[in-house]
Amino acid sequence: MEQHGLRNYLIGFVLAVVLSVIPFWLVATHALPPQRTLLIIGIAAVLQVLVHLRFFLHLNFTTTPKENLLALVFTALLIFIMVGGSFWIMFDLHQRMMT
Amino acid sequence: MFGKLTIEALPLYSAIAAGGAAVTVGGALLVAIVLTWLKAWKYLWTDWLTSVDHKRIGIMYIVLALIMLLRGFVDAIMMRAQQAMALNAGGYLPPEHFDQIFSSHGTIMIFFMAMPFMTGLINLIMPLQIGTRDVAFPWLNAVSLWLSAAGAALVMVSLVIGKFSTAGWTGYPPYSGIEYNPGVGVDYWIWAILISGVGSTMSGINFVVTILKRRAPGMTLMRMTPFTWTALCASVLMAFAFPAITVACGLLALDRLAGMHFFTNAHGGNMMNYANLFWIWGHPEVYILILPAFGIFSEVVATFSRKRLFGYESLVYATAAIAILSFTVWLHHFFTMGSSANVNAFFGVTTMIIAVPTGVKVFNWLLTMYRGRIDFHPSMMWSIGFIVTFVIGGMTGVLLAIPPADFLMHNTTFLVAHFHNMIIPGVLFGYLAGYMFWFPKAFGFELNRGWGLASFWCWLIGFYLAFMPLYLLGLKGMPRRMETYNDPTWQPYLMVAALGAVVVLCGIASMVIQIYVSIRDRKLTEDRTGDPFDGRTLEWSTSSPPPPYNFAVIPTVGDREPFLEAKKNGTAYRRPASYAPIRIPSNTPAGVILGGFAFVLGFAIVWHIWWLVIVSAIVMFITVIARSSDDNAEFTLSAGEVKRMEDERFRQLGSRA
Ligand code: HEM
Ligand SMILES: [Cu+2]
């Protein structure tokens, strides 16, 4: 239990807030061109997922049982299929609309 | 005060719409009167509505499904009647109304008939098959049920107050956007799906955890029943696929309510992304529905052929392969959207590949029946009817997987015939087989066989009459969703299809008579042993209906067909040396309250009654907090009470024990 102590939750919370504020701030202030804003939002989102897994769900590579990591790999595979597939489909359409 | 809601919302503009509303309200009143007359309200509340017992929740899901099957079928036969006479603007339905009917038919059949039927069967049987006392999260289970019921209630209410969506069961923008559809119909559709979708996601998670964590000692993954395996795969798909439709509908709701532009071409939105997101859920959804049906067929065929299932391992691997592949084919629903040839080809090929594991299963069932001593119980007949008919639908599916062929057939009645050809014999026949197979387990007496067979034959013949003509019409070029047409050569086909719907009606009538006759004769078909069909798996080792705790002593499993094995070894029906006290979750009204206010919330958003939205959200929040911090969520059944109930069971077994 000690290893899940308050300190850990607080670190997670602060990181989660920072990773949410950055994208909101970028969008609200138009500080960067759209392309780069999108890229940073994407990166912040992925980091956000990792922060949640590490600090709130307490996943790591030493104490977490193997089945749970396996489930995580399966999840990653499905997300890759769904998100990757959507990108492929939508960018393909985009290209055909442009030309 | 009442947002957009005015007296205008009542369907007094047309006799048919008013009639539909009157039937809905009348039906609800009739049920209320009968319940009052029987003085059954209290019993209903304490024993059913507030129950968290997986068996009762399962039964309530199935009741919901059967009621919605009736409603969905009324829609279907109205469409068949309209199209049979609609040559040159004939017919009795205005276009606006016809559009509502195909939209509500599709929505109801998928979300509020098939989904609850499947969730109900899994709830009722899966915990018994894996030898546990309940699902992992009993209260969450009740919440899922009542959220599904809330969604169904929203669709029903749209008959009486306001209108339903005209945008089909898929709700594609831009037509479903606020600009082209300013009324409340699409909102009813969105909120019915969002609310019930949350319930389905949670059911999926609940089942996955139950199957992975709650199996009886000795039940390894490769000793699970085929039905449990398919339930596991379907639940994984539910947990992963439903978020996609929740996001799609949620964004559509934001477009409509908050003036956003996710799916409008103006301001940089892209309506094609809606189709993409919808079908990321939509294709796995068809496997969510059909995998458990495959599991049921496997159990039924083995039991009534008196043989071990042929090729259990191949069936398990085929199921798992289908589950993963089902996430790689979704674009076949929009081949015509304009993707490049490479993209279309990729998804066409994956679609053809998924047919392979499905084909494997057909051989599993056929070879199980081969040289078996087959008992032609109605459940077995549904299964045989399924195998024969489903193969035809599979063939037309592979045909549609070829993009150039799909370009011709897309949006025609050929497609309508194809998916009904999969979903009626595949999904519905499967669930009905399960319903007739496990009914004695749930209620302690069997369903009448004769009326079951009558229902089967009417459904089968009715299906062929109703849908084979649609294949031909599709090849002749008739588009789907047609309210009127002017090609006189189509009409004879549509008349045959209407006749088919009438034959299906006879099948549904037989099901109703079957229930009546079976209840009347329940003394004759009483199931005193809990094992009416010489069953093979653990659910048949308990009494019918099972006690609240399912198993007084959790069984230890050493075989794939543990109960059959026990009967052979003579270890079945053995009295344990002693009993231990059992912890059981207590009933709670929190589930119904949550579902009730989810309904109010949806209704209030549809009509823009914002104060009511806030009030119901607050009530829901408080309910969750209150129930979660309740320390008396379980009670203990003492060893003495367990012994008394078990002694009663052994007295019933009487001479056999
Ligand atoms: C009982 C026999 C049934 C009959 C006679 C029937 C009839 C019909 C008809 C006439 C249509 C409209 C076709 C068109 O657009 O031209 C339709 C659409 C549809 N049906 Fe059925 N149906 C039946 C059962 C089912 C079942 C069991 C399901 C699903 C579990 C189902 C799901 C759908 C769906 C999703 C649509 C598409 C709705 C849309 O266009 O948005 N149907 N059906
Ligand atoms: Cu599909």
>> Restricting to segment B:4-49, give me the number of residues that are under 25 Å from B:Ile593 (Cα atoms) and open to solvent by 50 Å² or more (accessible area, probe 1.4 Å).
In response: 17
>> Six or more apart or on different chains, Cβ atoms under 9 Å: show the pairs whose first residue is in segment A:68-96 and more than 10 Å from chain B (Cβ to nearest Cβ) and whose second is part of a helix (DSSP H, G or I).
In response: A:Leu72/A:Leu53
> So, of the residues in segment B:337-365 that are polar (S, T, N, Q) and within 12 Å of chain A (Cβ to nearest Cβ), which turns out to be most open to solvent (accessible area, probe 1.4 Å)?
Replying inline: B:Asn342
> Regarding B:Val301, is this residue open to solvent by less than 10 Å² (accessible area, probe 1.4 Å) and away from chain A (no Cβ under 12 Å)?
Replying inline: yes
>> Six or more apart or on different chains, Cβ atoms under 8 Å: show the pairs whose first residue is in segment B:327-349 and of a type in the set (Phe, Trp, Tyr) and whose second is within 16 Å of ligand 1 (Cβ to nearest atom) and not in a helix (DSSP H, G or I).
In response: B:Phe335/B:His410
> Given the residues B:Ile195, B:Ile178, which is the only one that is of a type in the set (A, V, I, L, M), in a helix (DSSP H, G or I) and either crowded, with 20+ Cβ neighbours inside 10 Å or more than 16 Å from ligand 2 (Cβ to nearest atom) (or both)?
Replying inline: B:Ile195
> Of all the residues that make up segment B:254-297, how many are within 23 Å of B:Ile110 (Cα to Cα) and small (Gly, Ala, Ser)?
Replying inline: 4
> Is there a residue in segment B:474-485 that is open to solvent by 20 Å² or more (accessible area, probe 1.4 Å), β-branched (Val, Ile, Thr) and within 16 Å of ligand 2 (Cβ to nearest atom)?
Replying inline: no
> Only one residue in B:Ile280, B:Ile296, B:Ile324, B:Ile288 is within 16 Å of ligand 2 (Cβ to nearest atom) and over 30 Å from B:Leu254 (Cα atoms), so which one is that?
Replying inline: B:Ile324
> Looking at segment B:227-235, is at least one residue within 30 Å of B:Ile554 (Cα to Cα), open to solvent by less than 10 Å² (accessible area, probe 1.4 Å), within 16 Å of ligand 2 (Cβ to nearest atom) and at pLDDT 95 or above?
Replying inline: yes
> Looking at B:Pro548, B:Pro532, which is the one that is closer than 27 Å to B:Pro378 by Cα, assigned to a loop (DSSP other than H, G, I, E, B) and open to solvent by 10 Å² or more (accessible area, probe 1.4 Å)?
Replying inline: B:Pro532
> Only one of B:Gly348, B:Gly430, B:Gly434, B:Gly426 is assigned to a helix (DSSP H, G or I), out of contact with any Leu (no Cβ under 6 Å at 6 or more places or on another chain), modelled with pLDDT of 95 or more and more than 16 Å from ligand 2 (Cβ to nearest atom); which?
Replying inline: B:Gly430
> Just for segment B:329-358: of the residues that are closer than 19 Å to A:Met90 by Cβ and among the hydroxyl-bearing types (Ser, Thr, Tyr), which one is nearest to ligand 1 (Cβ to nearest atom)?
Replying inline: B:Thr336
>> Just the residues that are free of Cβ contacts under 8 Å to residues at least 24 places away in the same chain, open to solvent by 70 Å² or more (accessible area, probe 1.4 Å) and under 31 Å from the mean Cα position of the chain (by Cα), please, taken from segment B:615-657.
In response: B:Ile618, B:Phe621, B:Ile622, B:Ile625, B:Ser628
>> Tell me the residue from A:Gln35, A:Gln48 that is of a type outside the set (Val, Ile, Thr) and farther than 30 Å from B:Val208 by Cα, please.
In response: A:Gln35
>> Pairs needed: first member in segment B:468-489, away from chain A (no Cβ under 14 Å) and under 18 Å from B:Leu93 (Cα atoms); second member anywhere, more than 16 Å from ligand 2 (Cβ to nearest atom) and open to solvent by 50 Å² or more (accessible area, probe 1.4 Å); C-beta distance under 7 Å; at least 6 residues apart or different chains.
In response: B:Glu483/B:Pro95; B:Thr484/B:Ala89; B:Asn486/B:Asn88
> How many residues does segment B:247-282 hold that are within 14 Å of chain A (Cβ to nearest Cβ), among the β-branched types (Val, Ile, Thr) and surrounded by fewer than 22 Cβ atoms within 10 Å (Cβ to Cβ)?
Replying inline: 1
> Does segment B:203-219 hold any residues that are more than 14 Å from every other protein chain (Cβ to nearest Cβ) and either surrounded by 20 or more Cβ atoms within 10 Å (Cβ to Cβ) or under 16 Å from B:Phe597 (Cα atoms) (or both), and which are they?
Replying inline: B:Ser203, B:Asn206, B:Phe207, B:Thr210, B:Met219
> Here are some residues: B:Ala136, B:Ala142, B:Ala152. Which one is closer than 13 Å to B:Asp53 by Cα, in contact with a Phe, Trp or Tyr (Cβ under 9 Å, 6 or more places away or on another chain), more than 14 Å from chain A (Cβ to nearest Cβ) and away from ligand 2 (no atom under 16 Å from the Cβ)?
Replying inline: B:Ala136
> What residue, among those in segment B:502-518 that are surrounded by fewer than 20 Cβ atoms within 10 Å (Cβ to Cβ) and touching a residue at least 60 places away in the same chain (Cβ under 8 Å), is farthest from ligand 2 (Cβ to nearest atom)?
Replying inline: B:Val517
>> Please go through segment B:92-138 and give me each residue that is assigned to a helix (DSSP H, G or I), more than 14 Å from ligand 1 (Cβ to nearest atom) and surrounded by fewer than 21 Cβ atoms within 10 Å (Cβ to Cβ), ordered by number.
In response: B:Glu96
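The values are calculated or read from the model by the stated rules, or taken from the named source; none is laboratory data. Bear in mind the structure is a predicted one, so any value in this text is a computation, not a measurement. Cβ: placed from backbone, ideal geometry, glycine included. Neighbour counts: every protein chain shown. Quick note on the areas: whole protein, heavy atoms, side chains included, nothing else; ligands and nucleic acids left out. Shrake-Rupley method; radii C 1.70, N 1.55, O 1.52, S 1.80 Å.
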